[in-house]
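Contents: one structure, followed by commentary.
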There are 2 protein chains.
Amino acid sequence: MKLEEAKQQFIQAWGSLATQWGINRTMAQVHALLLVSPEAMSAEEVMEALDISRGNVNMNMRELIDWGLVERVYKQGERKEFFSAEKDIWKVTRQVARERKRRELEPVLKVLESLQKVEGDKKDPAYKSFTEAMQGIHRVAKNAEKGIDLLSKSEESMFFNLLLKILK
Amino acid sequence: MKLEEAKQQFIQAWGSLATQWGINRTMAQVHALLLVSPEAMSAEEVMEALDISRGNVNMNMRELIDWGLVERVYKQGERKEFFSAEKDIWKVTRQVARERKRRELEPVLKVLESLQKVEGDKKDPAYKSFTEAMQGIHRVAKNAEKGIDLLSKSEESMFFNLLLKILK
DNA sequence: GCATTCTTTCATTTTTTTTTGAATCTTTAG
DNA sequence: CTAAAGATTCAAAAAAAAATGAAAGAATGC
């Protein structure tokens, strides 16, 4: 397989993985493109490489920057902006985990806490079933939060070596 | 807050969380509805509760069964089918992790392995950047696989107590 | 066998998400 | 200050995903 073909395959694979995780396919493709590019790229280069419009590049790049996965790079003597992705995938993983915690897990925890306050009769099976479900979900979500906090702080070797020891 | 209102809020929250994770909102709402229902429900009851069509209930229920989150229940003397969701959220988490591993992680691992075989000059920065990226992603993905395997086999208390010890 | 009840399918419609590209805004060099 | 290069915005269009509902398919009991 040739390099260019492999890059294309990787970009496609990264894009489809992303859609399965609720992430815009194009955003993931831009990310993939930058991941395999040794140099920072301009908006124009990205437009050409992925055959998408200027506006699309701009919006998805903003989103990637917002997620903390891409940064703007200014080159000496160049007027335009360039973009570069964090290449260390463990760092990327931690960053995504942190963001998803902030954006999704924390709001859900708030809702779950407020839903514990429902009024009702403890003997009513509907009430019992509901409060038990909420408590169960809340407990698992709280534990997930701890897991993410651990992951967020760990070095890759640390984290997985520890899991490995547990596994043994 | 009244029970019915709380159930509705939970169903909505579960639905929006799901869309952020690339899962059909209605499928998640059906799941949420069954999670907070003490009794197994018929297709008709689900249709009414969520105000969706028969076909929609059928398709999403099939998908939930496929994910191993819901099962068919046959009641004595009743001709129609009923549906019931696994209530233990830790079991649900493990099941989802197993399925996502099978459906997403394993195919990606295959692609990443095949992409290591790209031909090229080790001094070419584009080649170097690409193979390094692939190796890095592959290593993290392999470790993620191990993590999922651990989670899949663990009791909730086990898993999180161990993480907790690591955290200290 | 056949009528009834219930389930499944899938072409069509509806809704949601994503993309485009022209207009506008910003920055910089001269 | 002004013109050009570049970046951003967002209404409209296109594409993708999800929902509907009528028709077809099973299962059941008489």
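Only one residue in A:ARG62, A:ARG94 is surrounded by fewer than 18 Cβ atoms within 10 Å (Cβ to Cβ) and either at pLDDT 95 or above or of a type in the set (Phe, Trp, Tyr) (or both). Which one?
Every option except A:ARG62 fails the conditions.
Within region A:14-40, restricting attention to residues that are surrounded by fewer than 18 Cβ atoms within 10 Å (Cβ to Cβ), part of a helix (DSSP H, G or I) and of a type outside the set (Ser, Thr, Tyr), which residue is farthest from DNA strand C (Cβ to nearest atom)?
Top of the filtered list is A:GLN20.
How about region B:101-112: which of its residues are crowded, with 17+ Cβ neighbours inside 10 Å and either modelled with pLDDT under 95 or away from chain A (no Cβ under 12 Å) (or both)?
Listed by number, the list holds a single entry, B:LYS101.
Given the criteria within 13 Å of DNA strand D (Cβ to nearest atom) and farther than 27 Å from B:GLY147 by Cα, does B:MET47 qualify?
Yes, satisfied.
With in contact with a helix residue (DSSP H, G or I) (Cβ under 9 Å, 6 or more places away or on another chain), hydrophobic (A, V, I, L, M, F, W, C) and in contact (Cβ under 8 Å) with a residue 60 or more places away in the chain as the only criterion, which of B:TRP21, B:TRP90 stands out?
None of the others qualify; the one that does is B:TRP90.
Taking B:LYS146 and the conditions (1) closer than 23 Å to A:LEU34 by Cβ; (2) modelled with pLDDT under 95, which numbered condition does it fall short on, given that it satisfies the others?
Only one criterion in (1) closer than 23 Å to A:LEU34 by Cβ; (2) modelled with pLDDT under 95 is unmet by B:LYS146, namely (1).
For region B:32-59, how many residues are closer than 14 Å to B:LYS80 by Cβ and hydroxyl-bearing (Ser, Thr, Tyr)?
Count: 1.
So if I check each of A:ALA43, A:ALA49, which one is within 14 Å of another protein chain (Cβ to nearest Cβ) and of a type outside the set (Lys, Arg)?
A:ALA49
Out of region A:50-59, which residues are surrounded by 15 or more Cβ atoms within 10 Å (Cβ to Cβ) and away from DNA strand D (no atom under 12 Å from the Cβ)?
Scanning region A:50-59 gives a single hit, A:LEU50.
The values are calculated or read from the model by the stated rules, or taken from the named source; none is laboratory data. These numbers were taken from a predicted model, which means no experiment stands behind them. As a convention, Cβ positions derive from the backbone with ideal geometry for all residues, glycine included, and neighbour counts pool all protein chains shown.
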